[in-house]
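So the structure is just underneath, and the comments pick up after that.
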């Protein structure tokens, strides 16, 4: 049996392989999904990949399976670890941070201003996959970025550095890198002028560097031999799928609730009225990662953040299920408990992702301003991830996040419709879209058309 494309999603615990056919026709189709444990501990992640392909063969009832192309995304071994260093937190640092998160990175350390010895010690301890240095608008302040680059290059060898700061520093940065033997990647300034964000070029380079240098999981070099396209960070692949969905659906937000983290991806410019009073610019495509919100690994963290009233009302049975939680709930009571956890994961994550309206009192009287991401123009709320594609109340959970009237929080309104990635393939479609964008969009619409 032959298929057009296999897309492998290599996670920290599970490897899934999706098989697609008809990608250059009017009717592309997902025809099977093989799953197996990720085999990091065995010293070779290809073991888990081959087991997932074997699972596909069993489904197809065949001993022979071939494909035209194989693509992949990966979050194995903790995914893409980064540190970010800029000039002013609300300006260049925030721009660099948005670029890193949107690419699928896990941010381990963020600094503003000139690095200190304690910062260098922290970076050495973290040992990130990639370091991003920014700072200074074009033809503006130069010294901070130069200082930070030189300190990192001299004290944290062997880690590639992306420079996305003041373009006037390029020649000197190149000279420092050459003298210290540091690999540097130059990209357009992520904050080229006041109140202007330019994060997409940095996101692309981060993913390129990830694919070229940063796959540290045992046996990952063999994955390179098996695939014939870029290996993307899995969260970056979900963001890519969200951006292609935006072309068809308009303003949207994607909730991805897992066992350890809750990721939100929004693609929206916001409402024109809110943009008029926005204090700082926001990227059109924004991702936030809540590393403390998950329905299994981080279930205790959710409980610890709730009020006494919320605990008594929603989690009177918490002690038993916190102690006896299953990675994949089976019994109705277990499923109900996980649904309640998932609802608070979404609620807390949304409160951190969305912006707010604030009132300032000035010499000219009261002034209403906004800051953060404006989600009031969102028309589609998409649920993906292990929890929101499988839990019975997944649609109800997402519908409960909408508001009738925007008062303070810039949340999606009741005009937004909820759709579920029923086939759980957004990450795979993000990868697939790099070669087959039209087919990826059709497959995503098909996945969301299934009644939850």
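The values are calculated or read from the model by the stated rules, or taken from the named source; none is laboratory data. Note that the structure is predicted; figures quoted are calculated from it, not measured. Positions of Cβ are backbone-derived with ideal geometry, glycine not excepted, and every protein chain shown enters the neighbour counts.
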Q.
Let me confirm something: among 277, 253, which residue is in contact with a strand residue (DSSP E or B) (Cβ under 9 Å, 6 or more places away or on another chain) and crowded, with 24+ Cβ neighbours inside 10 Å?
A. 253
(Q) Taking the criterion of being assigned to a helix (DSSP H, G or I), touching a strand residue (DSSP E or B) at 6+ places or on another chain (Cβ under 8 Å), surrounded by fewer than 18 Cβ atoms within 10 Å (Cβ to Cβ) and free of Cβ contacts under 8 Å to residues at least 24 places away in the same chain, would at least one residue in the range 152-172 satisfy it? (A) yes
Q. Which ones in the range 238-294 are without any contact (Cβ under 8 Å) to a residue 40 or more places away in the chain, assigned to a loop (DSSP other than H, G, I, E, B) and in contact with a helix residue (DSSP H, G or I) (Cβ under 8 Å, 6 or more places away or on another chain)?
A. 292
Q.
Quick check on residue 335: is it touching a helix residue (DSSP H, G or I) at 6+ places or on another chain (Cβ under 7 Å) and surrounded by 13 or more Cβ atoms within 10 Å (Cβ to Cβ)?
A. no
Q) If you go through the range 392-420 one residue at a time, how many are in contact with a strand residue (DSSP E or B) (Cβ under 9 Å, 6 or more places away or on another chain) and assigned to a loop (DSSP other than H, G, I, E, B)? A) 12
Q.
It is to be established whether one or more residues within the range 363-382 are in a loop (DSSP other than H, G, I, E, B), in contact with a strand residue (DSSP E or B) (Cβ under 8 Å, 6 or more places away or on another chain) and without any contact (Cβ under 8 Å) to a residue 60 or more places away in the chain.
A. no
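This table checks each residue for (1) touching a helix residue (DSSP H, G or I) at 6+ places or on another chain (Cβ under 7 Å); (2) surrounded by fewer than 24 Cβ atoms within 10 Å (Cβ to Cβ); (3) farther than 25 Å from residue 243 by Cβ; (4) free of Cβ contacts under 8 Å to residues at least 40 places away in the same chain.
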{"position": "9", "(1), (2), (3), (4)": "yes, no, no, no"}
{"position": "54", "(1), (2), (3), (4)": "no, yes, yes, yes"}
{"position": "64", "(1), (2), (3), (4)": "no, yes, yes, no"}
{"position": "85", "(1), (2), (3), (4)": "yes, no, yes, no"}
{"position": "91", "(1), (2), (3), (4)": "no, yes, no, no"}
{"position": "99", "(1), (2), (3), (4)": "yes, no, no, no"}
Q) Any chance the range 237-255 includes a residue that's more than 30 Å from residue 368 (Cα to Cα) and modelled with pLDDT under 85? A) no
Q) For the range 173-206, which residues satisfy the criterion of being in contact with a strand residue (DSSP E or B) (Cβ under 6 Å, 6 or more places away or on another chain) and over 21 Å from residue 151 (Cα atoms)? A) 205
Q.
So in the range 120-138, with the set limited to residues that are over 20 Å from residue 104 (Cβ atoms) and touching a helix residue (DSSP H, G or I) at 6+ places or on another chain (Cβ under 6 Å), which one is surrounded by the most Cβ atoms within 10 Å (Cβ to Cβ)?
A. 135
**Q.** Scope the range 173-185; condition under 29 Å from the mean Cα position of the chain (by Cα) and surrounded by fewer than 17 Cβ atoms within 10 Å (Cβ to Cβ); matching residues
**A.** 183
Q | Subset of the range 339-371 [closer than 22 Å to residue 270 by Cβ, buried (at least 21 other Cβ atoms within 10 Å of the Cβ) and touching a helix residue (DSSP H, G or I) at 6+ places or on another chain (Cβ under 9 Å)] | A | 346, 355, 370
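Quick grid of which residues meet (1) assigned by TED's automatic domain parsing to the domain that holds residue 291; (2) at pLDDT 90 or above; (3) closer than 20 Å to residue 129 by Cβ; (4) in contact with a strand residue (DSSP E or B) (Cβ under 9 Å, 6 or more places away or on another chain):
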| residue | (1), (2), (3), (4) |
| --- | --- |
| 6 | no, yes, no, yes |
| 19 | no, yes, no, yes |
| 45 | no, no, yes, yes |
| 73 | no, no, yes, yes |
| 107 | no, no, yes, yes |
| 111 | no, yes, yes, yes |
(Q) Which count do you get for residues in the range 311-332 that are assigned to a helix (DSSP H, G or I) and in contact (Cβ under 8 Å) with a residue 12 or more places away in the chain? (A) 4
Q. Can you name the number of the only condition in (1) within 27 Å of residue 99 (Cα to Cα); (2) modelled with pLDDT of 85 or more; (3) touching a strand residue (DSSP E or B) at 6+ places or on another chain (Cβ under 7 Å); (4) surrounded by 18 or more Cβ atoms within 10 Å (Cβ to Cβ) that residue 289 fails?
A. (2)
